[in-house]
Each structure stands twice: as structure tokens, then as C-alpha cells.
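In what follows, a structure is listed as C-alpha cells, so that the remarks can point back to it.
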Amino acid sequence: MGVIARYREHLPVGPSTPEVDLKEGSTPLVPSLNIGKALGLEHLYFKYEGLNPTGSFKDRGMVVAVAKALEAGHRVFMCASTGNTSASMAAYAARTGARAIVVVPSGEIALNKLSQALMYGAKVVALKGNFDHALETVRDLASRYPVALMNSVNPHRIEGQKTAAFEIVDELGDAPDYLILPVGNAGNITAYWRGFRQYHAAGRATRLPRMVGAQAEGAAPIVNGSPVADPKTVASAIKIGNPASWEGATSARDESGGAISAVTDIEILSAQIRLAGSEGLFAEPASAAPLALLFRLVRDGKIDKDAVTVVVLTGSGLKDPEASLKSVEPPIELDGDARTLAKVLKL
Ligand code: F0G
């Protein structure tokens, strides 16, 4: 079942909305076995969004945005992207026979994300400049031409993405104490907060979580309180200097009593390796930012040990292996038999 079928009554869909799905959503909430123990946290979970059909959480919002765009008669979809949005949009366009045009910052997105958009048949434009410039350009174009803008400024994207909050509450039986996630263009933190509030209002949860957002230090406009002209970080998915949903993020933070803080690239990459090596969960660098922040919050005594904490792993590690490979030992090159192999392995 896709997210529209599963959460239909909470989404802006009706009888004239076409049925679209790639069986997205319903991703696992994996309990931590080792990191939680090491941190002294009894109830730590990972919402593994990398298991969505195109490998990131973007599929939840895209399926709703695509269904609504088709309902409105659009046949050309367009977005700017740091990679995952474009992969997702291209997949749903392929499935529904629509045209996909994606604009990515030239030379700035992970190869595997680019290969997804190309394989799904999108027209890909690599625009000189950063993501913020690409988004500005696409918004300008979409205001003048008959194309459906599929970035998270499209309200249907946020509607679809809020279903991840529903799933967490459905599985835990209530909202967690902390929800920690990466913040780039800030659509997802906006969406989760909406989802938690709606479920709370509907009596499905007795409480609301504190919303905790992680930005990368070189791309931390919300933490700094002003746009970053030239954002820099190894976590290319969140290399964004002027988030479109800025206000949604600060509202989520302030209304929930949460926080948005920055972590360094070194913290991000070491959290990514620790997650993979001690939990068996490979997430892309942007997705490791919230775990890096959790490490710091625990170190600073800011997280209650018996709190229920959910870290959102927004995208699969297979999206951007190049970024991660620099920080692990390369394979051992060997020409030999079992004896030499055993010797090299010190067995
Ligand atoms: N994690 C991943 C893996 C992402 O791809 C993104 C955003 C985020 C976190 C941040 O989410 O923007 O809602 O705050 N990627 C966008 C894209 C910008 O174009 O794929 P956000």
C-alpha cells in the first residue's frame, strides 16, 4: 500500500484524484541495538527512509504532489534539486507518463542521484551556480510557463511527507519525546511537525515531540539566523543557503520547544560510519547529521536517558558512496591463495 491509500483521510485527495503509487512509505522504525546502549538511551529508534522506492523520504510527498498535478491537468513536472527530489520526481513522472525536467546545481549532486533521474528518463539541466540559484530560477520559470513546480514549496509535498510522523505514532502508540532530522530546504521538519500536530488534534497521540533539526556547519542559515551565500558541506543533500520553508522550520522548533543546531562535516562522517558499523544501517551523509547532533546533545546532558528518541535517516547510503568512502579503509588488493589470504588477515 502506498501513502495515499494508507492515509487517505488525512490527505487532500478526492474521487477525482488519480491513483498513483510506487508502494512508498511504511518504512521500518528500527530500534537501536548498540548506539543507544553506548549512549545510555533506552529508547532510540531509526526511521529508515532510505527504503522508499527511490531511496529517500522524498517519495512520500512526491506521490501526493504528482497525483494532484495530474488531477489539475499538468503533464510537465519540474523541480530544482540537490538530487533526491529530482530522482523521486523523475520516477513518478515515468510511472504516470508525464514529462520531467530537473534542474540541479552543476557538479554538486551525487552521481547515483543523477543517474536515477537520467534512467527514469528526465531531462536534466545542470545549471551553473548553487541549489538556491537553481530553485530561484525554477520558481521564476514555473510562474511564467505551464509547468507544475514540484519542490517542497508545492504544498502537496508537505502533505505527503507528514505521513512519516503518522507512521511513527502508529508504530510507537504515541509520539516520541524527540524527533531528530536533517534540515536543508526545511520542508521535512515542517511536514513532520504538521503530521504530529494533526495526529495529536485527532486524538491519535497524547503528546507532541520536541523537534530537533540538524544543519551542516557550512550550510547553517537557520542556526546563524541569516542566509549563507556560498554553502559548503560534504552532505550535498543539505547544502542549502536559503531554505524555502525557513519559517516552517523555526515554527516547528519554537512551538515544540526544540532546537536547530549545526554539526561539522567531520562529525557527520564519523556518525555515518558509526551508524553503518554498529547498527548495520547505511545512510547518506545528510542523514547522519541528526545522529551527529544526538551524540553532542547526549554529551552535553541535554537528552533525558529514558526519553523516546527517533532519528530520521532520510536517504540511503547507496545514494552517495563516494562521500563516505574517503573515510573508510580501502579494500586489500591481493594476488594469492588461501594461505596468503589467511596471513594477510592474521587468522
Ligand atoms: N536528507 C536528504 C537525504 C535530502 O535529500 C534532503 C533534501 C534533506 C535531508 C533535507 O530535507 O530539504 O526538507 O529540509 N533534499 C532536497 C533535494 C533539497 O533536492 O533532494 P528538507
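Based on what the data block shows, is residue 236 within 11 Å of the ligand (Cβ to nearest atom), over 17 Å from residue 190 (Cα atoms), open to solvent by 10 Å² or more (accessible area, probe 1.4 Å) and at pLDDT 95 or above? Considered against the rule, which asks whether it is within 11 Å of the ligand (Cβ to nearest atom), over 17 Å from residue 190 (Cα atoms), open to solvent by 10 Å² or more (accessible area, probe 1.4 Å) and at pLDDT 95 or above, residue 236 comes out as yes. Whenever a residue of segment 292-311 is assigned to a strand (DSSP E or B), its partners that are open to solvent by 60 Å² or more (accessible area, probe 1.4 Å), lying with C-beta atoms within less than 6 angstrom and at least six residues away or across chains, give the pairs 308/43.
Annotation note: of 224, 242, the sole residue that is closer than 24 Å to residue 88 by Cα and more than 16 Å from the chain's Cα centre (by Cα) is 242. Candidates 128, 68: the one that is farther than 20 Å from residue 231 by Cα and at pLDDT 95 or above is 68.
Selection over segment 108-134 of residues that are in contact with a Lys or Arg (Cβ under 9 Å, 6 or more places away or on another chain) and of a type in the set (Lys, Arg) gives a count of 2. Considering segment 149-183, and only residues there that are open to solvent by 10 Å² or more (accessible area, probe 1.4 Å) and small (Gly, Ala, Ser), the residue that is nearest to residue 89 (Cα to Cα) turns out to be 152. Where helices (runs of 4 or more DSSP H) fall wholly inside segment 138-214, the ranges with 3 or more residues that are within 13 Å of the ligand (Cβ to nearest atom) and either charged (D, E, K, R) or touching a Gly at 6+ places or on another chain (Cβ under 6 Å) (or both) are 155-161, 187-201. Annotation: residue 76 fulfils all but one of (1) out of contact with any strand residue (DSSP E or B) (no Cβ under 6 Å at 6 or more places or on another chain); (2) over 29 Å from residue 324 (Cα atoms); the unmet one is (1). If residue 262 passes every condition in (1) surrounded by 19 or more Cβ atoms within 10 Å (Cβ to Cβ); (2) more than 12 Å from the ligand (Cβ to nearest atom); (3) assigned to a helix (DSSP H, G or I); (4) not charged (D, E, K, R) but one, which one does it miss? Going through the list (1) surrounded by 19 or more Cβ atoms within 10 Å (Cβ to Cβ); (2) more than 12 Å from the ligand (Cβ to nearest atom); (3) assigned to a helix (DSSP H, G or I); (4) not charged (D, E, K, R), residue 262 breaks only (3).
Filtered by the rule that a residue be in contact with a helix residue (DSSP H, G or I) (Cβ under 7 Å, 6 or more places away or on another chain) and among the charged types (D, E, K, R), segment 96-136 gives 99, 108, 113. Would it be correct to say that residue 60 is more than 25 Å from residue 325 (Cβ to Cβ), basic (Lys, Arg) and open to solvent by 20 Å² or more (accessible area, probe 1.4 Å)? In short, no. For segment 106-146, enumerate the residues that are without any contact (Cβ under 8 Å) to a residue 12 or more places away in the chain and among the basic types (Lys, Arg). Result: 144, single match.
For segment 282-314, a residue qualifies if it is farther than 17 Å from residue 215 by Cα and surrounded by fewer than 24 Cβ atoms within 10 Å (Cβ to Cβ), and the qualifying residues are 282, 298, 299, 300, 301, 302, 303, 304, 305, 306, 307, 308. Could you tell me which residue of segment 288-347 is nearest to the ligand (Cβ to nearest atom), considering only residues that are among the hydroxyl-bearing types (Ser, Thr, Tyr) and modelled with pLDDT of 95 or more? That would be 314. Within segment 66-84, residues that are under 19 Å from residue 116 (Cβ atoms) and within 16 Å of the ligand (Cβ to nearest atom) reach partners that are in a loop (DSSP other than H, G, I, E, B) and open to solvent by 40 Å² or more (accessible area, probe 1.4 Å) with beta carbons closer than 7 Å, at six or more positions or on different chains, in the pairs 82/239. Considering segment 107-120, and only residues there that are open to solvent by 60 Å² or more (accessible area, probe 1.4 Å) and touching a strand residue (DSSP E or B) at 6+ places or on another chain (Cβ under 9 Å), the residue that is nearest to residue 82 (Cα to Cα) turns out to be 108.
For residue 49, the criteria (1) under 30 Å from residue 272 (Cα atoms); (2) surrounded by fewer than 24 Cβ atoms within 10 Å (Cβ to Cβ) hold in every case but one, which is (2).
The values are calculated or read from the model by the stated rules, or taken from the named source; none is laboratory data. On a predicted model such as this, the values are computed, not experimentally measured, just so you know. Positions of Cβ are backbone-derived with ideal geometry, glycine not excepted, and every protein chain shown enters the neighbour counts. Just so you know, the surface numbers come from the protein's heavy atoms only, side chains and all, with ligands and any DNA or RNA stripped out. Shrake-Rupley method; radii C 1.70, N 1.55, O 1.52, S 1.80 Å.
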